[in-house]
Amino acid sequence: MADAGVQETVTGKSMVVDHGLARRLARDHQQKKQTGLWIAGTAIVLLYGLGLFALNGNVRSLIMAGFWGVLIAIGFVAIRHLGTQKLTRVVEGLYPTGDRLTVTVTDAGLTVTTSTTSLTVAASAFWRISTAPQSVMVRIHGLIGPAMILPREVVDDADIARLRAAAPRIRRG
């Protein structure tokens, strides 16, 4: 992806963090994370409603299944919204608006630098690298959830392939 705000430097790719970056990264993470929950919730409601209807032939069982389906859908939407808000605040703290973000990918690992912090992670620590339309999520052995959420503007497909090749025990998927 070529973006006018992305600059390639000797040390890596860099960009100025815009106002919507945190929201885009958080939304990508939430979409990738909750697909299984939506499928499982829908399957449970359908099995419940259709199973009761098949057992007793009463239309009220379908209405009850519909009620529970709507209730579960509202719960999923609320949980997703709250999770996106929380993750947005976390990402805004990591990548403040107007700050310069630089990502350097080497055979040894990954370095992320802002004006206030610099973090280097060795490739041997990577557990999984997953991509979404707006973000790249790097997971590290022993941690729950992504350790790093990086914008796709500064990590291209060649960088992702390089990181996956450098990591000896990376989980595919």
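A few remarks follow.
- When residues in segment 119-135 are screened for being part of a strand (DSSP E or B) and either aromatic (Phe, Trp, Tyr) or in contact with an Asp or Glu (Cβ under 8 Å, 6 or more places away or on another chain) (or both), 3 of them pass.
- Residue match in segment 124-133 (condition: open to solvent by 50 Å² or more (accessible area, probe 1.4 Å), at negative phi and among the β-branched types (Val, Ile, Thr)): yes
- Yes/no for residue 109 being exposed (fewer than 13 other Cβ atoms within 10 Å of the Cβ) and within 30 Å of residue 23 (Cα to Cα): no
- The combined condition, being open to solvent by 10 Å² or more (accessible area, probe 1.4 Å), closer than 19 Å to residue 13 by Cα, small (Gly, Ala, Ser) and modelled with pLDDT of 85 or more, is fulfilled by residue 118.
- Close Cβ contacts (under 7 Å, 6 or more residues apart or on different chains) running from residues in segment 87-106 that are more than 17 Å from residue 137 (Cα to Cα) to residues that are of a type in the set (A, V, I, L, M, F, W, C) and open to solvent by 30 Å² or more (accessible area, probe 1.4 Å) comprise 98/16; 100/16.
- From the list 93, 98, the lone residue that is on the phi > 0 side of the Ramachandran plot and either modelled with pLDDT of 85 or more or open to solvent by 20 Å² or more (accessible area, probe 1.4 Å) (or both) is 98.
Yes or no, residue by residue, for (1) out of contact with any Ser or Thr (no Cβ under 8 Å at 6 or more places or on another chain); (2) not small (Gly, Ala, Ser):
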residue	(1), (2)
26	no, no
46	yes, yes
80	yes, yes
99	no, yes
104	no, yes
119	no, yes
122	yes, no
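The values are calculated or read from the model by the stated rules, or taken from the named source; none is laboratory data. These numbers were taken from a predicted model, which means no experiment stands behind them. Don't worry about glycine lacking a Cβ; one is built from the backbone with ideal geometry, like all the others, and counts go over all protein chains shown. Each accessible area value is taken on the protein alone, full model and side chains, heavy atoms only, with ligands, DNA and RNA left out. Shrake-Rupley method; radii C 1.70, N 1.55, O 1.52, S 1.80 Å.
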